[in-house]
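See structure below.
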Amino acid sequence: MAITYQTEGVKLPAIKRRIVSSWIKSVANLHQKTVGDLAYVFCNDQRILEINREYLQHDYYTDIITFDYAEGDVISGDIFISLDTVKSNSEQFGTPYLEEIHRIIIHGVLHLCGINDKGPGERENMTRLENEALTILGPDL
């Protein structure tokens, strides 16, 4: 059982991996889940577009793609994050880049915990849960 952080074509963002890993486990526990194997893969827009086309048949850029391998209450998966789109989002929303990285990291975990964001009211609920999780992490990271 491990949380790993990898890159494809980009530099690893300046996250505090040990603290972030502990935070991920805490948030999962709030949703009655435990963390199994999670692989975060930070990449660029071109790579996320390739993944989106190949595996999801979507022809657009996105900030995150989560592959869910959960079994029961143990969450596991591969989470691809486009740092290009995260940077664009931080500029668009006027939020610090690192905060936006943390938001998208936990967004993937919330998906693995069973939280959706496509149906009526689900996006608002996801944003609320992301904000609560960011509060747990604290403002200094």
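Summary table below
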quantity: All positions within region 111-141 that are touching a Ser or Thr at 6+ places or on another chain (Cβ under 7 Å) and either at positive phi or of a type in the set (A, V, I, L, M) (or both); calculated: Leu112, Ile136
quantity: Number of positions in region 57-82 that are hydroxyl-bearing (Ser, Thr, Tyr) and either farther than 18 Å from Ile115 by Cβ or in contact (Cβ under 8 Å) with a residue 60 or more places away in the chain (or both); calculated: 3
quantity: Pick from region 111-122, criterion among the charged types (D, E, K, R) and surrounded by fewer than 15 Cβ atoms within 10 Å (Cβ to Cβ), ranking: modelled with the highest pLDDT; calculated: Glu122
quantity: Scope region 9-35; condition free of Cβ contacts under 8 Å to residues at least 60 places away in the same chain and either touching an Asp or Glu at 6+ places or on another chain (Cβ under 8 Å) or of a type in the set (D, E, K, R) (or both); matching residues; calculated: Lys11, Arg17, Arg18, Lys25, Gln32, Thr34
quantity: Any chance Ile101 is aliphatic (A, V, I, L, M), within 18 Å of Glu8 (Cβ to Cβ), in a helix (DSSP H, G or I) and in contact (Cβ under 8 Å) with a residue 60 or more places away in the chain; calculated: yes
quantity: Within region 74-111, tally of residues that are within 28 Å of Thr34 (Cα to Cα) and either of a type in the set (Gly, Ala, Ser) or out of contact with any helix residue (DSSP H, G or I) (no Cβ under 8 Å at 6 or more places or on another chain) (or both); calculated: 8
quantity: Among residues of region 1-31, those that are within 14 Å of the chain's Cα centre (by Cα) and within 26 Å of Asn125 (Cβ to Cβ), counted; calculated: 9
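Each row is one residue, and each column tells you yes or no for (1) modelled with pLDDT of 95 or more; (2) aliphatic (A, V, I, L, M); (3) out of contact with any helix residue (DSSP H, G or I) (no Cβ under 6 Å at 6 or more places or on another chain); (4) within 22 Å of Ser22 (Cβ to Cβ).
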{"site": "Thr34", "(1), (2), (3), (4)": "yes, no, yes, yes"}
{"site": "Asp37", "(1), (2), (3), (4)": "yes, no, yes, yes"}
{"site": "Val41", "(1), (2), (3), (4)": "yes, yes, yes, yes"}
{"site": "Asn44", "(1), (2), (3), (4)": "yes, no, no, no"}
{"site": "Arg47", "(1), (2), (3), (4)": "yes, no, yes, no"}
{"site": "Glu54", "(1), (2), (3), (4)": "yes, no, yes, no"}
{"site": "Asp63", "(1), (2), (3), (4)": "yes, no, no, no"}
{"site": "Thr66", "(1), (2), (3), (4)": "yes, no, no, yes"}
{"site": "Tyr69", "(1), (2), (3), (4)": "yes, no, yes, yes"}
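So that you can scan it fast, the table gives a plain yes or no per residue for (1) surrounded by 14 or more Cβ atoms within 10 Å (Cβ to Cβ); (2) in a loop (DSSP other than H, G, I, E, B); (3) touching a residue at least 60 places away in the same chain (Cβ under 8 Å):
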| position | (1), (2), (3) |
| --- | --- |
| Asp37 | yes, no, no |
| Tyr40 | yes, no, yes |
| Asn52 | yes, no, no |
| Tyr55 | no, no, no |
| Lys87 | yes, no, no |
| Val109 | yes, no, yes |
| Glu124 | no, no, no |
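The values are calculated or read from the model by the stated rules, or taken from the named source; none is laboratory data. Bear in mind that the values here come from a model prediction, so they are computed numbers and not experimental data. FYI the Cβ positions are ideal-geometry reconstructions off the backbone, even for glycines, and counts take in every protein chain you see.
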